[in-house]
Amino acid sequence: MIQVKPNIAAMSPYSPPWSNMERKGYLRLDLNEYTQDPPEHVITALKAYIDENRIQMYPEYSRFLSKLSLYAGVNEDHLIVTNGSDQAIEIILRAFLGYGDAMVIAQPGFPIFEQVAGVIGAKICGVSYDQNLSGFPYNEFVKAINPETKLIVIINPDNPTGVAVSLSQIQKILDENPDIPVIVDEAYFEYTGITSLDFLETHPNLIITRTFSKAFAMAGLRLGYIIAHPDIISQFYKIRGPFDVNNCATLVAETQMDFPDAWKGYVHEVMNVSKPRLERFFDENDVRYYPGAAQFMLVQPQDRDGAVQYLKDHGILVRPMVAELIRHTFRMNIGTLEQTEQFIEVYKAFIEA
């Protein structure tokens, strides 16, 4: 029987819970998705695109890059669009890591980084958060960076813990490691409003990744992008295929950028109405939770598995954590106030049962 490379054979596939289940009938708080239907202008634009008989044509990105540059606040030569931020991460790691090369990252973190590093055969120098998730482990993190380090990864805020990294800490890491590429993953930028973009002009080793999967309601269309110095972006174009991002994705992203009121209104409701309501409920009922900086949080019930199953039985999906540090928790993203009240009603019944 033919054999794949040993480092790949030793890996386990990345398989989210409920991945083989029809999730449409549930309130989906398990994958940090946008929890409402796409706005009507998105549906209209997609229908018009199909009616124009354009799906048989290869994609072309110049118009979209022009709009994205205005949204992101950088010139087009600082941008490359990708098939979700997952591909952005893969491109960056493939560009800078070879077999045996070392990458520093705080853990637990976004699993795609570990998966891609495993495929490459790179070494992961993981720096653990403390048990209370009290903050980014800055001192331990910078101590882990050494002459063998080929890539530094900062997830801000971290997924799944929700812990934020201060901009001053990021700036210090950039300042002290000018010859090492530093990824700052900003998947939840629209929810936090915090970005390292101001450091880009003075720190050409900074590479920012973002996604349209979260606030823009586009997880199923797979669209992300990288912001970096033009010299680095030109190298990434050698790795990404010429047509890896589909026209439907860029079309919807353009439409969402043209009509921002819907997604901005959703973000406002989630962060300023729903999240405080949920935190108040947990506080009043002595439920331990870790609020995080974005639109998701970790919840620590006395009976984690029982809570996850009870919620599922009552039409709500949350994600049980598997990393050792947080395996006693589940992660849930936050939706509209109406959806939050639905969750509260079910969870209150669980804790009173």
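Of the Cα atoms belonging to the stretch 56-258, the radius of gyration and Dmax stand at 16.3, 53 Å.
Normalising the Debye intensity of the stretch 131-243 to I(0), with uniform scatterers on Cα atoms only, and taking log10 at q = 0.15, 0.19 Å⁻¹ returns -0.72, -1.10. List the trypsin sites (Lys or Arg not before Pro) in the stretch 1-109 that DSSP assigns to loop (not H, G, I, E or B) and whose Cβ has at most 15 other Cβ atoms within 10 Å. Which are they? Qualifying residues, ordered by number: Arg23, Lys24, Arg54. Amide H to amide H distances under 5 Å link Tyr289 with Gln300, where only residues 5 or more positions off or on other chains count and H is placed in the peptide plane.
Quick check: net charge around Tyr61, other residues with Cβ under 15 Å of its Cβ, Lys/Arg +1 and Asp/Glu -1?
Around Tyr61, the charge tally is 0.
Fewest-first ordering of Val252, Val81 by other beta carbons within 10 Å of each residue's beta carbon gives Val81, Val252.
Pairs from the table (Lys5/Lys123; Lys150/Lys264; Lys24/Lys264; Lys24/Lys238) lying more than 27 angstrom apart at Cα are Lys150/Lys264; Lys24/Lys238.
Over the chain, the reciprocal of the mean inverse Cα-Cα separation, the Kirkwood hydrodynamic radius, stands at 21.4 Å. With Cα atoms defining each centre, the stretch 16-37 and the stretch 236-303 are spaced 13 Å apart in the structure.
For the stretch 142-159, backbone phi angles converted through the Karplus equation (6.51, -1.76, 1.60; θ = phi - 60°) give residue-by-residue couplings of 5, 5, 6, 7, 9, x, 7, 6, 9, 7, 10, 10, 10, 9, 9, x, 5, 10 Hz, Gly and Pro being listed as x. Bridge orientation summary for the chain: considering DSSP beta bridges with both residues in this region, about 45 percent are antiparallel. Straight-distance candidates among the aspartates and glutamates for linking to Lys143, with alpha-carbon spacing under 19 Å and chain neighbours fewer than 8 residues away dropped: Asp101, Asp130, Asp175, Glu176, Asp179. Inter-part distance, the stretch 307-353 to the stretch 156-215, computed on C-alpha centroids, equals 29 Å.
Diffusion of the stretch 93-174 by Stokes-Einstein, at 4 °C in a medium of 1.567 mPa s and with Rh set to the Kirkwood radius over alpha-carbon pairs, works out to 100 µm²/s.
Between the amide H of Asn159 and those of Phe110, distances stay under 5 Å, these residues lying 5 or more places away or on another chain, with hydrogens modeled in the peptide plane.
Note on the chain: with charges restricted to the Cβ of Lys and Arg (+1) and Asp and Glu (-1), its dipole about the Cα centre is near 660 debye.
Using a 10 Å cut-off on Cβ atoms, rank the peptides 160-171, 236-247 from the highest mean neighbour count down. Please report the intermediate quantities before stating the final value.
Values: 160-171: 18.8, 236-247: 14.5.
Per-residue mean Cβ counts within 10 Å order the peptides as 160-171, 236-247.
Using just its DSSP H runs of length 4 or more, each adding -39500 (n - 2.57), the chain gives a mean residue ellipticity at 222 nm of -11000 deg cm²/dmol after division by all residues. Cβ-Cβ distance of Asp37 and Lys67, R₀ of 25 Å, FRET efficiency by 1/(1 + (r/R0)^6): the value works out to about 0.60. Which residues among the stretch 167-184 fall inside the zone where the amide N is under 11 Å from a point 7 Å beyond the Cα of Asp198, along Cα→Cβ? It comes to 167-168, nothing else. Near the amide H of Gln107, within less than 5 Å, lie the amide hydrogens of Val127, Ser128, Tyr129, all on another chain or at least 5 residues away, with H placed in the peptide plane. Computed over neighbours whose Cβ is under 9 Å from that of Glu148, the net charge equals +1, Lys and Arg +1, Asp and Glu -1. Electrostatic bookkeeping for Pro291 treats Lys and Arg as +1 and Asp and Glu as -1; over the other residues with beta carbon under 9 Å from its beta carbon, the sum is 0.
Once both labels are positioned 7 Å from their Cα atoms along Cα-to-Cβ, the gap between Tyr49 and Asn75 label points is 2.9 nm.
No lab work stands behind these numbers, since they all come straight from the coordinates. This is a predicted model, so every value here is computed, not measured. All Cβ positions, even for glycine, are placed from backbone atoms using ideal geometry, and neighbour counts span all protein chains on display.
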